[in-house]
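Report on one structure; see the data block that follows.
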Amino acid sequence: MWVDTQSNHPNKSISTMCLTLRPSTLVVITTAHLCVAFAPDFTNIGLKRTKFNHALIESASASEHVSESSVCEYDGKCHRFSGELFAKSNCWGRRPFLMRDAFDPDLLLHKSIGGDDNSWPTWDDVVDIASDDESESRVISYKPGDDASYELMLGPLAESDVNDWVSNVNTSKNIERKTLVVNDVDRFYPRLADWIHNNFRFLPNWRMDDGQISLAEEMGGIGPHVDNYDVFLIQMTGTKLWQVGIEKMSAKEELDRMMHGLDVRVLDRWEASTEFEEFTLYPGDLLYLPPRIDAQHKAHCGTALTNGCMTLSVGCRAPSVSDLISRLAEKLSSSIEENAVRRYQDEALLFGGDVTGFSPGLLTETSKQQARQLLLDSLSTMLGDDVWWDEFFGKYATEQKRVRVNYPIPLDDVTFEGREAGHNFFSDAEATVRSVLNGQTVLYHAEGIAFAYSSLPANVVNQTVYRLFTNGEMWQSQSKNAVAQDNCMACLFQAVANHRRLDSQLLLSCIGGDLNLGRNLEAVKFLQELVKLGVLYAGES
């Protein structure tokens, strides 16, 4: 069946959608549910692109209409982006996903009637953040046509530096093009943190990295490269061309093709049109790119086609084997656990008293095997202990992804103007929690801090251990009650981990109204401790 239609999206030509029906396959399309996907011309790319709509997602499995090598493309005029829609595409970790009009940029960049900040920061907001001494920013520059010209300047950026590259716009190909990249924008702009939390709740907290925003003028970009993590690229303003590699690239091939002598990771020989397919993203469009899978991934490259190009990257991190082993080695190096301090022994070395023919320089098979077994036995004991591994991985998974100085800021180290005005709930943990439970204010997760909870059988029979992890630390409660919702601390751990905004209704549903009960006092003390550490902070309700 063929469906021909005229696109009303700017710069998009007429597109044809082809549905291949297998035997015994029934597809019902009604005028009430028809939603056609539009795409730029791809006749010269040499790769079939899969397009699907909401009705097809609902009526068929992803394997029936999406090939492994194709890119899923969905037009958002019928529906906006959601976790449910994305999950049904079956693209997570497997193939790129392109959604037109996934979000409304005009709405998200517009301040509300009440004067509240918009959900997305503006160009000027990002420039201000890049100038902050505590921000993580960098400028990547290059001359179009010269792949060996890429240079890196680390921030924080001086105001004069930022103003210089932002204000001097020249579209000549002979002029150096610059791109400003700012990490952790969500940490400096809480409304963006709220927006990311609300729109990507289908992903685990500990997998989320940050909201990175890049600013570029026409022809700006950071070059072709390979990422080790899932990323959702959302066009905020301007237009950007994305080139996504057709063939997967191994880690060895990536290393062989890396431009040497540069401060940035850029691949060379990125010219043949047969090596990649192209997508032009307009404001509100979303492109998901999967991570390096089985040591292979498709390289990609983004280039601004217009001035004032802003792109939001919502990145997801996943630990590698080397990451986990390195962290485990750090833990064991300072541990006094028996499995960590146990040493190599060879009591049988001189058994029998005969040293005839002994060769002191020989590394014997027995020695190698004993050393290997020592390591295997200790690791097997630790990794096989569910309670031990839960603690190790929970702490590791919620550690901050990048080094920050004195963040989050402990409550005792913060000076608020409200102290002298009598608003002591902002500076005193006990009063802060009381004000939250009374409905005067609410608690928020500190931006950029991950929360997670777990439950597992305790070493004591018929007991369950409930744990909350955040910022590399752990709290736990043990109970005979295996139903989390009926256990005060278990319920509270879940609530704190699952919700970025904590109000009185949510907290009291776990704690209860009577604060005189011992178990409720334990819950209140727990909240007070999180506030003191700065991982939770008070804000307007």
Which numbered condition residue 379 misses (of (1) open to solvent by 70 Å² or more (accessible area, probe 1.4 Å); (2) over 29 Å from the mean Cα position of the chain (by Cα)): (1)
Hey, among the residues in region 495-532 that are more than 16 Å from residue 435 (Cα to Cα) and at pLDDT 95 or above, which one's surrounded by the fewest Cβ atoms within 10 Å (Cβ to Cβ)? 498
Of everything in region 405-427 that's exposed (fewer than 15 other Cβ atoms within 10 Å of the Cβ) and at pLDDT 75 or above, which residue is farthest from residue 526 (Cα to Cα)? 405
Looking only at residues that are crowded, with 18+ Cβ neighbours inside 10 Å and part of a helix (DSSP H, G or I) in region 483-494, which one is modelled with the lowest pLDDT? 484
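Table: residues versus (1) in contact (Cβ under 8 Å) with a residue 40 or more places away in the chain; (2) of a type outside the set (A, V, I, L, M).
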residue: 123; (1), (2): yes, yes
residue: 126; (1), (2): yes, no
residue: 139; (1), (2): yes, no
residue: 144; (1), (2): yes, yes
residue: 149; (1), (2): no, yes
Among all residue pairs at least 6 apart or on different chains, which show Cβ distances below 8 Å where the first residue, located in region 221-238, is within 15 Å of residue 288 (Cβ to Cβ) and the second is open to solvent by less than 10 Å² (accessible area, probe 1.4 Å) and polar (S, T, N, Q)? 233/311; 234/311; 235/311
Count - residues of region 428-453 that are open to solvent by 10 Å² or more (accessible area, probe 1.4 Å), hydrophobic (A, V, I, L, M, F, W, C) and at pLDDT 95 or above: 3
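The rows are residues; the columns are (1) open to solvent by 10 Å² or more (accessible area, probe 1.4 Å); (2) modelled with pLDDT of 95 or more; (3) touching a helix residue (DSSP H, G or I) at 6+ places or on another chain (Cβ under 6 Å); (4) acidic (Asp, Glu).
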residue: 200; (1), (2), (3), (4): no, yes, no, no
residue: 203; (1), (2), (3), (4): yes, yes, no, no
residue: 211; (1), (2), (3), (4): no, yes, yes, no
residue: 218; (1), (2), (3), (4): yes, no, no, yes
residue: 223; (1), (2), (3), (4): no, no, no, no
residue: 227; (1), (2), (3), (4): yes, no, no, yes
Filtering strands (runs of 3 or more DSSP E) wholly in region 169-246 for at least 2 residues that are small (Gly, Ala, Ser) and in contact with a strand residue (DSSP E or B) (Cβ under 7 Å, 6 or more places away or on another chain) gives 208-216
If you scan region 234-262, which residues turn out to be open to solvent by less than 10 Å² (accessible area, probe 1.4 Å) and at pLDDT 80 or above? 234, 235, 236, 244
Quick one: is residue 186 open to solvent by less than 40 Å² (accessible area, probe 1.4 Å) and closer than 30 Å to residue 147 by Cα? no
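The values are calculated or read from the model by the stated rules, or taken from the named source; none is laboratory data. On a predicted model such as this, the values are computed, not experimentally measured, just so you know. Cβ coordinates were reconstructed from backbone atoms using ideal geometry, including for glycine residues, and neighbour counts include every protein chain displayed. In case anyone asks, the SASA skips ligands and DNA or RNA and just uses the protein heavy atoms, side chains included. Shrake-Rupley method; radii C 1.70, N 1.55, O 1.52, S 1.80 Å.
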